[in-house]
Structure formats: structure tokens, C-alpha cells
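Undergrad: The structure is given below, and queries will be raised subsequently.
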Amino acid sequence: MNITLDKQSKTEGLIKISLSESDYLPKVDDKLKDFSRKANIKGFRQGKVPTGVIKKMYGKSILVEEVNHLISHSVSNYIKEKKLRVLGDPLPNVEKARAIDWETQKDFEFEFQIGMVEDFAVDLSNNVKVTSHSIEIDREVMDDTLADIKNRFGNVSYPEASEESDNLHGDIVLKGQESTEETKKGSFIAVNKIDKKAQKKFIGLKNGDIVEFDAEKTFTTNAEKSRALNISEEEANNATGTYLFTVTSVSRVEPPTMNQELFDKVFGKDVVKSEEEFIAKIKETIAQNYQRETDHLLDHEIQHYYVDHTAIQMPDNFLKMWLKATSNGQVTEEILEKEFHAYKDSLKWDLIKNRIIEEREIKVEGDEVREKAKQLIVDQFGGPAIAAQLGDKLDEIANNYLSGQDGKGENFMRIYNQLRQEKVMRAIKENITINEKKVSLEEFKKLAASHNH
């Protein structure tokens with residue numbers, strides 16, 4: 001057997017394999033003999049079928065199977081031995097393979113197109129500077145949070161006609177469109193969130209009333225617009241036109257009394273015991289929630305930095321060929337044009353993370369995965385108290401969860417990859433420069449929106 005690599009460029013090459021009869025014949029003969037021992041063919045006793053009969057019946061299929069098996073392992077071993085950084089899978093030269101005459105040929109030649117990346121460096125030093133955007137908890141944020149709590153825990157009544165502080169529930173349809181079960185959508189409108197110039201027409205409404213409004217001129221925020229039109233905030237950004245809203249009910253929330261009953265409803269029995277503690281606890285909870293958002297955005301900032309600043313020459317042509325060849329016709333030229341850049345960035349980020357894993361010798365042990373699974377189960381079913389109740393059974397529950405219903409261990413791999421990602425990000429954050437910058441909630445939302453991908 002002879003295997004060579006014809007490097008066509010820094011990122012693409014051809015693996016060429018030449019096989020002579022001596023490379024595959026011993027395996028083929030062994031397989032034929034094994035078949036003759038096990039075959040159950042009419043006219044012959046089991047185990048006494050002549051090898052010549054087996055060869056005539058199954059020789060070609062055995063030859064194809066053994067040659068393909070040998071080729072597959074040889075390509076894989078060659079890539080490992082030469083330490084080639086290969087992306088995707090080797091693509092066989094289909095035309096060359098189709099031209100093989102399996103009846104008469106003794107020697108075979110195969111070709112596989114591969115895409116590669118050369119060695120590259122990842123800068124893990126304080127020269128790398130990224131910004132962590134922490135959300136400032138200002139009076140507006142606190143007021144909105146308190147208003148939301150009062151709305152969720154207040155006493156609900158259903159007045160006959162709407163006032164400025166009420167909520168409207170109903171159906172909405174684009175004007176000019178026939179109102180059917182397919183076209184109309186459920187809608188929710190908070191009257192006090194409507195622009196002051198348009199608010200008047202939403203006051204005094206009763207069940208069955210219909211109000212007409214302009215989608216662009218009615219709401220003070222995109223979030224309220226999206227909730228009223230029953231579409232995503234992204235869709236609401238570009239939503240225009242005149243809509244008809246039919247009232248099905250009016251609700252009014254009476255703010256709850258600031259007392260121990262409210263404190264217990266929000267945070268649990270006796271967690272806070274005064275209004276001052278209640279406000280402090282709300283602020284603490286907001287800070288924790290916002291910290292998660294800050295950390296999530298920081299991870300995106302880090303990813304974008306390394307993808308943009310790490311020099312890796314990618315085999316674009318090969319990747320496009322590979323995506324089309326392995327997609328069963330799902331990936332078209334149009335899809336490639338639209339999504340290839342994002343796919344390539346994602347692949348580049350995986351290469352960078354894997355390089356950090358290699359250099360820092362980052363490992364995730366099975367015990368770590370099991371402990372994480374146990375923690376997830378405990379958090380989901382009631383915290384430390386449930387862990388004490390389950391005792392030794394928690395290990396069995398965790399093992400069953402990690403194995404999954406089909407026994408393929410998908411949950412194990414999901415948690416394994418999550419822990420590995422966390423370790424990679426920790427290694428990065430411990431070595432680079434992270435500058436803190438406080439921003440308002442609105443500024444943060446704009447920054448987060450720019451990282452949607």
C-alpha cells in the first residue's frame with residue numbers, strides 16, 4: 001500500500017492511496033473461509049460449502065467491503081500519524097471510484113479531498129482586552145421591577161370600562177384583512193404603556209368595543225408593540241400598518257399592601273421582614289439576574305474578539321464542497337451564500353477552543369459530570385432538602401439521567417461539553433484583561449442585540 005499527500009495549497013490537499021492485491025487478499029480469503037464455515041446453502045451441509053462456491057456467490061461484495069474497510073482505516077490512521085488538522089471529513093473522488101472494475105481489477109487507486117488548517121497561535125495574555133458591560137441598577141430599573149411585582153401579586157378585578165392603569169385583552173387583526181381564526185391573534189395591551197398622544201382612544205373601552213390604531217405611533221417601547229401584535233421583538237422592529245383591536249376583557253390590578261404577606265409571597269416565608277429588607281432583596285436579585293446577563297454577553301465579546309483577531313486560514317472551497325456533499329441536498333448555493341460566514345466563524349471558534357484545551361491540558365472527568373448532573377437534579381426538584389431525602393438514591397437517579405432513555409448518553413455529552421466550555425472560558429478570563437464598564441439597561445439591550453447570531 002502506498003499513501004501520499006498532494007498539497008494543492010496551504011488549506012487543501014489530495015490523499016492518494018494505491019492498493020495491490022497483497023494488501024487486501026489475505027483479509028478477503030479469511031472472510032471467504034469464514035463464510036464457507038457458516039453458510040447454510042441448499043445442497044450443501046453447513047460448514048462444507050466449497051470456498052469456490054462462496055467466492056462465486058459473495059466474492060465481489062466481500063472484496064468491496066474489505067477494500068473499503070481498509071481504505072477508511074488507512075486514511076484515518078494517515079491523518080493521525082501526520083498530525084493533520086483536518087476539517088470535516090475526507091471527500092472521496094466519486095468518479096474515480098465509479099470507474100473501478102471489481103470483476104477484473106487487482107490493483108486499485110483512490111483519492112480523497114481534504115481541507116486543512118495550519119498551525120496557529122492563540123493569544124492568552126493581558127494584551128487581549130475586552131469589555132464587560134455591567135448593568136447599572138438605577139431608579140428606573142427599580143421602579144419598573146417594583147411595578148412588575150405589584151402587578152403580579154396585586155388583586156385583580158374586571159371593571160366594565162377601561163382606565164389609564166388598566167390592561168386590555170382581546171383579538172387583533174391587520175385592517176383590511178378578514179377576521180378569521182387563522183388571521184386574528186390574541187393580544188394584550190397595557191394602557192399606561194401607550195404613547196400619550198394615542199392613549200385617549202384606549203380609555204373607556206368595554207367588552208366588544210373595537211379600536212383602530214397605527215402600529216408605529218401607538219407604543220412607547222418595542223417590547224409593548226411586540227406584545228400587542230403578538231409577534232417577536234425582532235419582527236416588531238419593522239412592523240407597520242393599521243390594526244383593529246377587539247376587546248374581550250378589561251383587567252385592573254390593585255397594588256398589594258407592603259406587608260409580610262407580600263414579602264412571603266415574593267421571597268418565601270420570613271426571608272425578609274421589613275420594607276427596607278424587601279427593597280434590598282429586590283436589588284440583590286436584580287443584580288444577580290443582571291450578572292448572568294453580563295457574563296453571557298462577556299462570553300460573546302470574548303468569542304468575537306478571538307474569531308476576529310486569531311489568524312487561521314480556512315479551506316473555504318473545501319468546506320463549501322463538504323457541506324453540500326454531506327447535506328443530502330439540503331444545503332444549496334443560496335443557503336451557502338447566506339449562512340457560510342456564520343458557519344465558518346463557528347468552526348473557527350471551535351478550533352480556537354480546542355487549541356486552548358490542548359495547550360492548557362483542560363480535562364473533564366466523569367465524576368465532574370455526575371456531580372453536575374446531581375446538582376441540576378437537586379436544583380430542579382427543591383434544593384438541598386430534596387438531596388437529603390433522596391440520599392444514596394440521588395446517585396442512581398443521576399446515572400439514569402446521564403444514560404438517557406435510549407442509553408446513548410446524550411445528557412452526559414451535553415453536560416460534558418458544558419463543563420468543558422466553562423473551563424475554557426475560565427482559562428481565557430484568568431489570563432486576559434477585562435475592563436468593567438457600567439451601562440444602562442437600554443444600552444445593554446442594544447449591545448446584546450448586536451451579538452445575536
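The values are calculated or read from the model by the stated rules, or taken from the named source; none is laboratory data. Since the model is a prediction, treat every value here as computed from it, not as a measurement. We place every Cβ from the backbone using ideal geometry, glycine too, and count neighbours over all the protein chains shown. Protein only, heavy atoms only, side chains kept; ligands, DNA and RNA dropped before computing areas. Shrake-Rupley method; radii C 1.70, N 1.55, O 1.52, S 1.80 Å.
Undergrad: Determine, from the Cβ-Cβ distance of residue 260 and residue 293 and an R0 of 35 Å, the FRET efficiency 1/(1 + (r/R0)^6), rounded to the nearest 0.05.
TA: Details: r = 31 Å, r/R0 = 0.88.
Rounded to the nearest 0.05, the efficiency is 0.70.
Undergrad: Mind checking which aspartates and glutamates have their Cα closer than 12 Å to the Cα of residue 374? Skip sequence neighbours fewer than 8 apart in that chain.
TA: Residue 374 reaches 392, 395, 396.
Undergrad: Against the globular-protein guess of 2.2 N^0.38 Å, express the Cα radius of gyration of region 86-234 as a ratio, rounded to two decimals. Present the calculation step by step, with values, prior to reporting the outcome.
TA: On the way: Rg = 31.1 Å, N = 149, 2.2 N^0.38 = 14.7 Å.
My calculation over the Cα atoms of region 86-234 gives 2.11.
Undergrad: Where does region 191-249 land on Rg/Rh, using Cα atoms and the Kirkwood Rh? If you can, show how the numbers build up before the last one.
TA: Values: Rg = 11.1 Å, Rh = 11.8 Å.
Answer for region 191-249: 0.95.
Undergrad: Just tell me which lysines come within less than 22 Å, Cα to Cα, of residue 446; anything on the same chain fewer than 8 places away is out.
TA: 129, 193, 217, 225, 437, 438
Undergrad: Would you list 322, 349 from the most to the least accessible area, probe 1.4 Å? Mind showing how you got there, number by number?
TA: Numbers: 322 45, 349 15 Å².
Solvent-accessible surface, decreasing: 322, 349.
Undergrad: Straight distance only, please: which lysines reach the Cα of residue 344 with their own Cα at less than 21 Å, same-chain residues fewer than 8 apart left out?
TA: 10, 320, 324, 353
Undergrad: May I pose another question? What FRET efficiency, computed as 1/(1 + (r/R0)^6) with R0 = 35 Å and r the Cβ-Cβ distance, is obtained for residue 339 and residue 413, rounded to the nearest 0.05?
TA: Details: r = 25 Å, r/R0 = 0.71.
Efficiency, rounded to the nearest 0.05: 0.90.
Undergrad: Rounded to the nearest whole Å³, what is the per residue volume of the convex hull around the Cα atoms of region 182-313? Write out the running numbers ahead of the final one.
TA: Details: hull volume 29.4 nm³, N = 132.
Spelled out: Cα convex hull of region 182-313, divided by residues, is 223 Å³.
Undergrad: Quick one, what does Rg over Rh come out to for region 246-297 if you take C-alpha atoms and the Kirkwood Rh?
TA: Numbers: Rg = 15.7 Å, Rh = 13.4 Å.
Reported Rg/Rh (Cα atoms, Kirkwood Rh): 1.18.
Undergrad: What dipole magnitude, in Debye to the nearest 20, does the chain give about its Cα centre under +1 on Lys/Arg Cβ and -1 on Asp/Glu Cβ?
TA: Dipole about the Cα centre, nearest 20: 1820 debye.
Undergrad: So, taking all protein chains as they sit and a 1.4 Å probe, how much accessible area belongs to residue 279, in Å² rounded to tens?
TA: Ignoring ligands and nucleic acids, residue 279 comes out at about 60 Å².
Undergrad: Taking the mean number of other Cβ atoms within 10 Å as a proxy for protection, how do you rank 182-190, 118-126 from highest to lowest?
TA: 182-190, 118-126
Undergrad: Continuing with this model, one more query. Rounded to the nearest whole Å², what accessible area per residue is found for the chain with the 1.4 Å probe?
TA: Numbers: 28090 Å² over 453 residues.
Ligands and nucleic acids excluded, the figure is 62 Å² per residue.
Undergrad: For region 34-185, which whole-number percentage of the solvent-accessible area (1.4 Å probe, protein heavy atoms only) is attributable to carbon and sulfur atoms? Before the final figure, lay out the partial values.
TA: On the way: 4470 of 9750 Å².
The value for region 34-185 is 46 percent carbon and sulfur by accessible area.
Undergrad: Another question, then. Is there a quick way to get the dipole size of region 258-324? I mean about its Cα centre, with the Cβ of Lys and Arg at +1 and of Asp and Glu at -1; what is the value in debye to the nearest 20? Mind dumping the intermediate values first?
TA: Details: 8 positive and 13 negative charges, 75 e Å.
So the dipole magnitude of region 258-324 works out to roughly 360 debye.
Undergrad: How many percent of the accessible area of region 289-387 is carbon or sulfur, using a 1.4 Å probe?
TA: Numbers: 2820 of 6060 Å².
That fraction is 47 percent.
Undergrad: In whole angstrom, note down how far apart the Cα centers of region 48-90 and region 121-143 are.
TA: 54 Å
Undergrad: Follow-up question, since we're still on this one. Between region 299-366 and region 226-253, how far is it from one alpha carbon centroid to the other, in angstrom?
TA: Using only Cα atoms, the two centres lie 39 Å from each other.
Undergrad: Multiplying the sequence separation of residue 437 and residue 203 by 0.36 nm and subtracting their Cα-Cα distance, what value in nm do you get? Working shown, then result.
TA: On the way: separation 234, 0.36 × 234 = 84.24 nm, distance 4.23 nm.
Computed gain between residue 437 and residue 203 is 80.0 nm.
Undergrad: Could I ask something else about it? Let me know the shape class of region 316-382, please: from the alpha-carbon gyration tensor, a ≥ b ≥ c as square roots of the eigenvalues, rounded when a/c is under 1.5, otherwise prolate if a/b is greater than b/c, or oblate. Write out the running numbers ahead of the final one.
TA: Values: a/c = 3.43, a/b = 1.91, b/c = 1.79.
Prolate is the answer for region 316-382, as a/c is 1.5 or above and a/b outweighs b/c.
Undergrad: Using packing as a proxy for protection, rank 109-115, 99-105 so that the peptide with the highest average count of other Cβ atoms within 10 Å comes first.
TA: Values: 109-115: 20.0, 99-105: 10.0.
Per-residue mean Cβ counts within 10 Å order the peptides as 109-115, 99-105.
Undergrad: Can you give me the Kirkwood hydrodynamic radius for the chain, using every pair of distinct Cα atoms, in Å to one decimal? Don't skip to the answer; put the middle values down first.
TA: On the way: mean 1/r = 0.0340 Å⁻¹.
One decimal place: 29.4 Å for the Kirkwood radius.
Undergrad: Let me ask something else about it. I need the phi-derived Karplus couplings for region 274-284: 6.51 cos²θ - 1.76 cosθ + 1.60, θ = phi - 60°, integer Hz, Gly and Pro marked x.
TA: 8, 5, 5, 5, 4, 5, 5, 5, 4, 4, 4
Undergrad: Taking the full set of protein chains and a 1.4 angstrom probe, give the accessible area of residue 390 in square angstrom, rounded to the nearest 10.
TA: Near enough 50 Å² of accessible area.
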